[in-house]
Amino acid sequence: MKKTVLAAAVLLLAACSPKTSVTSPDGRIAVRFAVDADGVPSYAVDVDGKPFLEPSTLGLQAEGVNLESGFALKSSRVDSHRETWHQPWGENKEVEDNHRELALKLKNDAGVGLEVVFRVFDDGFGFRYAYAVPGADTLRINGERTQFAFAADADTWSIPGDFNSYEHLYRKMRLSELRDANTPLTLKFSDGLYAAVHEAALVDFPEMVLRQEDGLSFRSALAPLKQVRRGRRGPAAASSPAPTGDLVAVVPGTFQTPWRTVQIAHSAVGLINSSLILNLNEPCALADVSWIKPMKYIGVWWSLHLGTESWGGEGHGATTENAMRYIDFAAANNIQGVLFEGWNDAWHNSDAMPDFDFTSPAPDYDVAKVAAYAREKGIYLITHNETGGNYLRFEDQLERTLDWDASLGIHAMKTGYAGGGLSGGAPRHSQTGVRHFQKVVEEAAERQIMVDGHEVIKETGLRRTWPNFMTRECVRGMEYNGWGPGNPPSHTVILPYTRLLSGPVDYTPGVFDIKYTCVQGKPQLRTWGRPSSDFSEHTTLAKQMANWVILYSPMQMACDLLENYEGHPAFQFFRDFDADCDASEALQGEVGEWISVVRRAGDRFFLGASTDETGRSFDQPLTFLRPGVRYTATIYGDAADAHWDTNPTAYEITTRTVTCEDTLNLRLAPGGGAAVTFLPE
């Protein structure tokens with residue numbers, strides 16, 4: 001009898017004890033939570049029954065209050081959630097959210113309440129903190145204790161975590177040799193598992209980078225509120241994450257952090273096809289999204305980097321006459337937008353970074369006339385507001401500037417923050433920067449203005465909540481090919497597995513004059529970095545077309561000079577291409593080696609494939625096409641003798657009739673690619 005009562009008591013106690021583990025809906029990912037003898041929370045993760053993350057600490061650090069230890073678990077709950085939601089634009093307009101959630105409530109000796117929430121999907125997991133500090137109006141956060149203690153070494157692809165710029169080439173190195181990394185940090189393990197560490201829903205908080213603690217263990221490091229330099233001057237001193245103790249954020253006494261995320265897949269393209277980052281963001285905050293329109297665009301931009309035109313002064317590119325020519329070309333070629341950099345009167349010469357008045361056009365740019373002509377032709381005029389990092393000056397003029405744009409019928413804006421950091425010594429990726437960029441997007445939304453942000457904070461899925469934030473640079477993009485040796489052929493087949501995991505990229509692809517013959521014999525209008533005949537794009541022409549599909553952006557640019565497109569047979573691909581896709585799938589590929597991607601817009605499909613320095617041939621099944629429909633496939637591919645260095649502009653256009661039962665064999669030249677349209681017959 002006593003044994004029966006004791007057994008019943010044990011069962012009752014077990015039933016009443018807070019749950020501390022949760023698995024993904026398919027059961028392959030398991031997360032376990034624990035609190036040690038000192039009250040320090042931690043978590044561990046298994047994938048397919050094998051350790052993925054060893055026990056890793058959780059928590060934040062703050063001045064004058066304990067946010068990291070002395071905690072006891074008070075209660076928990078496990079829920080399941082499944083829904084399909086829709087977005088006005090995106091790689092996929094229909095997104096499935098299927099996850100299980102473990103929410104744990106804790107309290108420590110100081111009365112601090114902490115809720116840790118895990119959401120586990122079939123393609124990874126995310127977790128966030130919510131703190132409540134009794135009697136505190138504000139808290140001064142000076143660090144984060146989140147660990148990622150990996151159970152095995154891996155190959156990684158990353159850029160440095162310098163809190164200031166994402167414009168680096170990606171490094172491939174062993175996880176055990178990595179010292180710091182911005183996110184997404186992409187990993188490939190020896191057993192064929194792939195993963196990517198990032199964050200989601202970054203609002204009113206500094207960005208997170210990863211910093212090696214010991215061996216395979218990494219800790220979150222947060223961007224400081226002020227630039228920190230110790231020991232030596234110059235950029236190198238600011239390249240490492242801030243040491244513990246620097247003030248990183250000022251938050252209310254009750255607050256929650258962004259999500260810390262880990263995407264997990266059994267193939268490299270599985271990471272790309274994940275919707276985890278979007279699913280961890282809040283639903284759309286806008287009642288009306290009918291005015292938000294994806295677009296293809298052209299503009300006065302590449303000529304400025306080549307030095308054949310200038311932002312201001314001699315050779316000014318953004319003139320009224322030039323603007324009319326670009327608008328006419330867009331209207332005649334199924335292109336929806338035009339961009340004019342250098343329209344502002346403050347650009348007196350191309351080497352200066354002046355203080356701008358964002359409603360003062362240059363004397364030779366009649367903005368009212370240009371805007372009216374664009375409206376008449378049905379073309380979006382994209383204004384460019386470069387700040388030079390002086391965000392305070394921009395904020396002072398922000399509402400007046402956006403009202404002025406709206407009064408002219410301008411509903412698309414590109415922003416820029418060139419130079420190091422922000423005014424006042426704030427790192428660009430600090431809480432200060434995050435707040436500023438969010439303010440710009442929200443004020444723009446009030447006036448139905450779409451935003452293309454350059455030199456801004458990395459994407460963390462907030463496009464779900466604020467879909468007028470269309471695209472961001474946050475990458476070493478096309479302009480680096482106009483200043484010097486440029487980006488290697490592998491660069492654009494690394495980006496889909498790294499930078500693009502966070503969201504759209506305004507890489508500005510589409511150069512057809514790959515050897516820069518257009519600059520020969522023309523005067524140089526600036527003193528820095530003009531390409532010579534020794535430089536090229538490190539790509540074939542076919543790869544440039546493929547990048548319009550591969551490097552996803554709902555605002556996709558054809559960046560070259562108009563004279564390089566006029567009459568060019570291959571430009572038909574961009575005319576046919578639709579930036580407003582309905583569904584996407586990464587089909588095949590390996591990180592840094594090659595990739596094949598398809599996107600559907602209505603009843604048409606567009607495929608892009610590209611490779612690194614190694615030429616390759618592969619079979620692509622067309623199972624993504626709709627059953628019972630015959631398609632005309634137009635293939636813009638590398639010619640037999642094409643090569644990124646020796647013969648980059650050699651291409652061929654072929655057509656054939658296909659169905660979903662067929663397979664295409666695509667041959668990619670070294671540094672090459674292929675772009676294919678599938679139009680239903």
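Descriptive notes on the structure:
- Relative to the longest principal axis of the Cα atoms of the chain, the long axis of helix 431-446 lies at roughly 60 degrees.
- Cβ-based net charge around Trp85, under 9 Å, with every Lys or Arg adding one and every Asp or Glu removing one: -3
- Pairs of Cα atoms farther than 18 Å apart, the stretch 397-549, %: 65 percent
- Normalised by 2.2 N^0.38 Å, with N the number of residues, the alpha-carbon radius of gyration of the stretch 410-470 equals 1.10.
- Its Cα centre serving as origin, the chain has a Cβ charge dipole (Lys and Arg +1, Asp and Glu -1) of approximately 1740 debye.
- Here the chain exposes an accessible surface that is 49 percent carbon and sulfur, computed with a 1.4 Å probe and the other protein chains kept in place.
- Cα lying deepest toward the dipole's positive end in the stretch 80-170, options Tyr166, Phe148, Leu102, charges on Cβ: Leu102
- Summing +1 for each Lys or Arg and -1 for each Asp or Glu among the other residues whose beta-carbon sits under 10 angstrom from that of Ser69 gives -3.
- Among 582-593, 553-564, the order from most to least packed when residues are scored by Cβ within 10 Å on average: 553-564, 582-593
- Summed over qualifying helices (DSSP H, 4 residues or more, each -39500 (n - 2.57)) and divided by its residue number, the chain shows a 222 nm mean residue ellipticity of -4500 deg cm²/dmol.
- Helix 367-377 axis versus longest C-alpha principal axis of the chain: approximately 90°, rounded to the nearest ten.
- Within the shell defined by Cβ-Cβ distances under 11 Å, the residues around Asp364 carry a net charge of -3, with Lys and Arg each +1 and Asp and Glu each -1.
- In the list [x] 135, 87, 39; [y] 78, 64, 45; [z] 95, 59, 48, the label attached to Cα extents along the principal axes in Å as derived from the coordinates here is [z].
- The stretch 352-431: C-alpha pair distances exceeding 18 Å, %: 46 percent
- Angle between the chain longest axis and helix 2-16 axis [Cα atoms, degrees, rounded to 10]: 30 degrees
- Accessible heavy-atom area order of Glu213, Glu395, Glu282, highest first, probe of 1.4 Å: Glu282, Glu213, Glu395
- Under-5 Å amide H pairs with Gln556, H placed in peptide plane, nonlocal only: Met295, Lys296, Tyr297
- Ranking Leu408, Thr383, Ala371 by how far each Cα lies toward the positive end of the dipole of the stretch 363-451 (charges on Cβ) leaves Thr383 at the top.
- Karplus 3J(HN,Hα) series, Hz, for the stretch 574-588 with 6.51 cos²θ - 1.76 cosθ + 1.60 (x for Gly, Pro): 5, 4, 7, 4, 10, 6, 8, 7, 9, 8, 9, 8, 7, 9, 8
- Computed packing ranks the peptides 80-91, 654-665 as 80-91, 654-665, most packed first, by mean other Cβ atoms within 10 Å.
- Taking 0.36 nm per residue of separation and subtracting the Cα-Cα distance, full extension of the segment from Asn665 to Glu442 would add 75.6 nm.
- Cα centroid separation, the stretch 357-381 to the stretch 383-421 (Å): 15 Å
- In terms of its C-alpha gyration tensor, the stretch 373-476 has a prolate overall shape, because the principal axis ratio a/c (a ≥ b ≥ c, square roots of the eigenvalues) is not below 1.5 and a/b outweighs b/c.
- Label point distance in nm, Thr657-Gln588, each placed 7 Å from Cα along Cα→Cβ: 2.6 nm
- Stretchable slack from Ala72 to Arg179, in nm (0.36 nm times residue separation minus alpha-carbon distance): 35.2 nm
- If R0 is 41 Å, the Cβ-Cβ spacing of Ser217 and Arg82 corresponds to a FRET efficiency of close to 0.75.
- Overall dimensions of the stretch 564-674 as given by Cα atoms, namely Rg and Dmax in Å: 14.2, 43
- Farthest positive-ward along the chain dipole, Cα basis, beta-carbon charges - from Ala674, Trp347, Ser217: Ser217
- Judged by the mean number of other Cβ atoms found within 10 Å, the most tightly packed of the peptides 514-522, 490-498, 633-641 leads the ranking 490-498, 633-641, 514-522.
- A 1.4 Å probe run over the protein chains yields, for the chain, 36 Å² of accessible area per residue, whole-number rounding.
- Entries of Lys226/Lys293; Lys188/Lys543; Lys50/Lys107; Lys93/Lys188 with Cα pairs more than 27 Å apart: Lys226/Lys293; Lys50/Lys107; Lys93/Lys188
The values are calculated or read from the model by the stated rules, or taken from the named source; none is laboratory data. Being a predicted model, the structure only gives us computed values, none of them experimental. For neighbour counting, all protein chains shown are included, and Cβ atoms are generated from backbone atoms with ideal geometry for every residue, glycine included. Calculation scope for accessible area: heavy atoms of the full protein, side chains included, ligands and nucleic acids excluded. Shrake-Rupley method; radii C 1.70, N 1.55, O 1.52, S 1.80 Å.
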